Amino acid sequence: MSGVPQRTLLLWCPDWPVLAAEIVDGVPATDPVVVLHANRVIACSERARAEGIRRGLRRREAQGRCPHLTVVDHDPGRDVRAFEPVVAAVEEVVAGVEVIRPGACATAARGPSRYLGGEEAAAERIVEHVAQSCAVESQAGIADGVFAAGLAAREGRIVAPGGTREFLAARPVEALGRPALADLLRRLGVRTLGEFAALPAGDVLARFGFDGALAHRLAGGRDDRPLAVRQPPADLTVTADYDEPVDRVDAAAFAARMLAERLHERLAGYGLACTRLGIEAVTAHGQELHRVWRHDGLLTAAAIADRVRWQLDGWLSGSNGRGGTRPARPTAGIVRLRLVPDGVLAQAGLQPGLWGETGEERERAHRALSRVQGILGPEAVVTAVLGGGRSPADQVRLVPWGDERVPARPGPPPLPPAAASPSRAPVPAASPSPAASLVPGVGAAPGAASASVVVPAGGGARRRAGRGRAAPEPPWPGRIPPPSPAVVLPTPLPADVRDAAGEPVVVSARLTVSAAPARLTVGDGRPAEITGWAGPWPVDERWWAPAEARRRARFQVSLADGAALLLAVEGGMWLVEAIYD
């Protein structure tokens, strides 16, 4: 802990939760407004205080004192977002600011006071700058330590060096901000911070614990830690303004190369490299264009220039290729171009591979696909990412080229066939062998439908599998067994499944199949004979969320013409989800 308190300047914005509600949500702070948390008032406007409302009142009591009261729910995120411009305004005057909480920030007073001509002048300059930049009223206090400076800021007071202990001595113990401790101290006869600070530190620690010891240090004018100031982020954005609007592709390419070199030099000066680049343009008529480019490697100066040139070409040409709708071309040339490095990382170098992920062929392909994206848009080139899920559609996620390849659902892809082989388990198989499931004449018996629910194998199955070694348990119970289908339909096709007698095949709530499937009709097509089938594999997803709940069962079927399909029955309706190769 810090021994000698640091001279601290603290800026405090009164009733900040109320002001944040006005800034973000438009609630007028000049009206009687309260902010509630756990049905109690945690902040109120000046007009509400005039009506007799205080912090800690219950909602009903507060509304009883002021019937026309405006009630706002507590939102810490809103308070933080609204306070960020205030902190940025303070950082324009002084360096090294620590955010104490939304509505209060502190900085060391020594630097600003020496630069601005004294502590009083520094406090007045910061308060005035915040008022002009953010239209927010604030008060500043200076004392030895953050705690004392916070109390001084509530009075707009500057405590003389060395006078912090006397300044705190007459304050009530409630100023510590610990209601339970303050109530206990008052019942013990300790009513002021001076009386609390006079108690022996060892006795305070033994009686009140570690938190009481910290409060004892604050009461004596000693901080528990030094200021943890934040460093303002470096401005890496580069901007170019043009007197003559740029409306030709060749002129845009020259502008892109010059601006890309400036951005690369600025990043190199900080030892950084760009992985995600934002390109912004403003036309002479005020139109704003924006696009973000992503790259899984490090963007060099040439790579940045290429992407800016491609993007400007796509904007100025107003063409998205053959067969698509032409985007609206800007009505005027570009007068301002800005490059914003959205994603940066420390430049540690990139080792190119002889082949594979970082080889020359991959780079050529990446340049070509990125060029296509510059004309058609990011969604024009997508790649598949495998992940977890119970159906083939759930296990695949299409992401734009260059974006982070993150699966839509956690978990590995389906287990290999050996993990689901029924010959290795002592209980009825969770899923039949894929080789047998699509062979003509092989299918699950209707009475065995309840035994086909996919669940993690029991203890006996784990002991017998691999002679004592633990077999991996599938992370997605209810998924279909391998092999995966070759074609997954984006929109399932309606189908009709009937038995040998021509009656519709029905799956009951207990997963009992009414009869063996014999004929399949897809849409308005001809009926096809089913020569083999397997299933059902039931899935009951998100039953705890009625709006998102889904309950269905899947079947694998093989037809007389050699085709193999993945069917699903949901709500009594049969659907074709995928096609096997």
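The values are calculated or read from the model by the stated rules, or taken from the named source; none is laboratory data. This structure is a prediction, so every number in the text was calculated from the model and none was measured. Ideal geometry is used to build each Cβ from the backbone, glycine not excepted, and the neighbour counts take in all protein chains shown. Keep in mind that these areas ignore ligands, DNA and RNA; they rest on the heavy atoms of the full protein, side chains included. Shrake-Rupley method; radii C 1.70, N 1.55, O 1.52, S 1.80 Å.
In terms of the Cα gyration tensor, with a ≥ b ≥ c the square roots of its eigenvalues, is segment 488-538 rounded because a/c is under 1.5, prolate because a/b exceeds b/c, or oblate? Spell out each step's value before the answer.
Working: a/c = 1.82, a/b = 1.17, b/c = 1.55.
Cα axes put segment 488-538 in the oblate bin.
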Checklist entry - Tell me, what ³J(HN,Hα) does each residue in segment 55-68 have, in order and in whole Hz, if you take phi through Karplus 6.51 cos²θ - 1.76 cosθ + 1.60 with θ = phi - 60° and put x for Gly and Pro? => result 5, x, 5, 6, 4, 5, 5, 5, 5, x, 6, 9, x, 8
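How much length, in nm to one decimal, is gained on full extension between His74 and Tyr242, taken as 0.36 nm per residue of separation minus their Cα-Cα distance? It would help to have the intermediate numbers written out before the result.
Working: separation 168, 0.36 × 168 = 60.48 nm, distance 4.66 nm.
Difference between extended and current length: 55.8 nm.
Between Asp496 and Tyr115, what FRET efficiency follows from the Cβ-Cβ distance if R0 is 56 Å, with the result rounded to 0.05? Before the final figure, lay out each step's value.
Details: r = 83 Å, r/R0 = 1.48.
The calculated FRET efficiency here is 0.10.
Give me the percent of DSSP beta bridges within segment 11-89 that run antiparallel, rounded to the nearest 5.
On the way: 5 of 9 bridges.
For segment 11-89, the DSSP antiparallel bridge percentage is about 55.
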Checklist entry - Over the alpha carbons of segment 178-270, what is the largest minus smallest coordinate on each principal axis, giving the biggest first in Å? => result 82, 24, 18
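Please arrange Ile579, Ile279 by accessible surface area, largest first, computed with a 1.4 Å probe and ligands excluded.
Ile579, Ile279
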Item to check | Separation of the Val381 and Ala170 label points, Cα + 7 Å toward Cβ, nm | outcome: 7.3
Item to check | Inter-site label distance for Asp581 and Arg550 at 7 Å from Cα along Cβ, in nm | outcome: 2.4
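If you stretched the chain out fully between Trp543 and Met573, how much longer would it get, using 0.36 nm times the residue separation minus the C-alpha to C-alpha distance?
Values: separation 30, 0.36 × 30 = 10.80 nm, distance 1.96 nm.
Difference between extended and current length: 8.8 nm.
Based only on the alpha carbon positions, what is the Kirkwood hydrodynamic radius of segment 45-164, in angstrom? Mind dumping the intermediate values first?
Numbers: mean 1/r = 0.0618 Å⁻¹.
That comes to 16.2 Å for segment 45-164.
Can you classify segment 1-53 as rounded, prolate or oblate using the Cα gyration tensor, where a ≥ b ≥ c are the square roots of its eigenvalues, rounded means a/c under 1.5, and otherwise it's prolate if a/b beats b/c and oblate if not?
Numbers: a/c = 2.50, a/b = 2.15, b/c = 1.17.
Judged from the Cα gyration tensor, segment 1-53 comes out prolate (a/c at least 1.5, a/b above b/c).
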Checklist entry - For Thr521 and Val249, what does the FRET efficiency come to when R0 = 60 Å and r is the distance between their Cβ atoms, rounded to the nearest 0.05? => result 0.65
